Amino acid sequence: MIRESITSIGPSNGQGLSVTSQGGDTYTAKMGNGMSYPIHQEAWSIKTDYYLDTFVHHLPEIIGNLQAEGNPVGRVLEMGVARGVLSIGIALLTGDETRLVGIDIEEKAHTLVTRNTQANDVAHKIEVRIGDLFAPVQPGEKFDLIFGELPIIPVDAEEQRGYIADGYASEILNISGGPDGRYFIDKMIEEGTPHLRAGGALVLIQPSFIGVDRTLDLLTQAGLTSSVLVRREWRLADTKFTRSNKGYIEKTTGYRFPQNDAGDDVFFLTILKGVKPASTGEALPS
């Protein structure tokens, strides 16, 4: 059952990347403000999941919140750029002065992102770097916004080795956030915070079953002002791998899926923000 679900975490809910196929390997990413744009993907980059859909849908809301609260978006870093769908969305939502860096461990991301940025006339705004997490970021390099839609599903280590041995390495590594699902979330906070400019923001997305309060606490411990931007209910029945992995998630995290009024198991996708105070001795960018 789990292996049958490994190629898709969950179907699109009609509010994100997979909303419309243009034929072949090209899809339309549609944001919550109605703006849409084409995205080409290749076999290695295909990942249908509920949290990417949610991030795409809420991009205008996220950028609007940052701008309204005076958080600059001149220099942006995306961790795990893949096809470039999120960076392209931000490039389309911001002025021509905004510059983005997208990092991915997969070397083929450079060619794929370049193709997609050219198709959307934003190639001049987005630079792609290849490497593991923050390794391609230069010492002392700073950003106004750091974000990423990284693997956040708890996966048993032995099961993960089994998936890889069975030829599902790409699929499981696009899903697994480690035994408790928190590996990449915690790395983003630990390694990303030093690269934030004063007034800059770290924006993360995660499901409730890996601990929203823990993330808020870690953001605060890192010296950031933490808050929740989006909290969205999802039915467990509308997911695939997550639903199949329910028993392991509950056993490992201690989370118990609540039920909605209809009696369906649910969880909550949460987009969180941590802002570096401007009073750190570093001047805000002009």
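Electrostatic bookkeeping for Ser176 treats Lys and Arg as +1 and Asp and Glu as -1; over the other residues with beta carbon under 10 Å from its beta carbon, the sum is -3.
Based on DSSP H segments of at least four residues, each scored -39500 (n - 2.57), the chain has a per-residue ellipticity at 222 nm of -8500 deg cm²/dmol.
Pick out, in residue order, every one of the GluC sites (Glu not before Pro) in the range 84-127 that is DSSP loop and has at most 13 other C-beta atoms within 10 Å; say none if there are none. Sparse-neighbourhood loop GluC sites (Glu not before Pro): Glu97, Glu107. Normalised by the residues of the chain, what does the relative contact order come to in percent, with Cα pairs under 8 Å and at least six apart? Relative contact order comes out at 18 percent. Matching the structure-derived volume of the Cα convex hull per residue in Å³ against the labelled list (1) 150; (2) 192; (3) 132 gives the label (3). In terms of surrounding Cβ atoms within a 10 Å radius of their Cβ, Asp53, Asp217 rank from fewest to most as Asp217, Asp53.
Counted by neighbouring Cβ atoms within 10 Å, the residues Thr28, Thr242 run from fewest to most as Thr28, Thr242. Applying the Karplus relation 6.51 cos²θ - 1.76 cosθ + 1.60 with θ = phi - 60° to the range 97-102 yields 3J(HN,Hα) values of 6, 5, 10, 10, 10, x Hz, where x marks Gly and Pro. Legend: ranking of residues Ile172, Ile152, Ile146 from fewest to most surrounding C-beta atoms inside 10 Å; resulting order Ile172, Ile152, Ile146.
Say the dipole of the chain comes from +1 at the beta carbon of Lys and Arg and -1 at that of Asp and Glu; which of Asn65, His40, Ile88 then lies farthest toward its positive end? Comparing the listed Cα positions along the dipole, Asn65 ranks first.
Here, each number is a calculation from the coordinates, and none is a lab measurement. On a predicted model such as this, the values are computed, not experimentally measured, just so you know. Cβ sites come from the backbone with ideal geometry, for glycine too, and all protein chains shown count toward neighbours.
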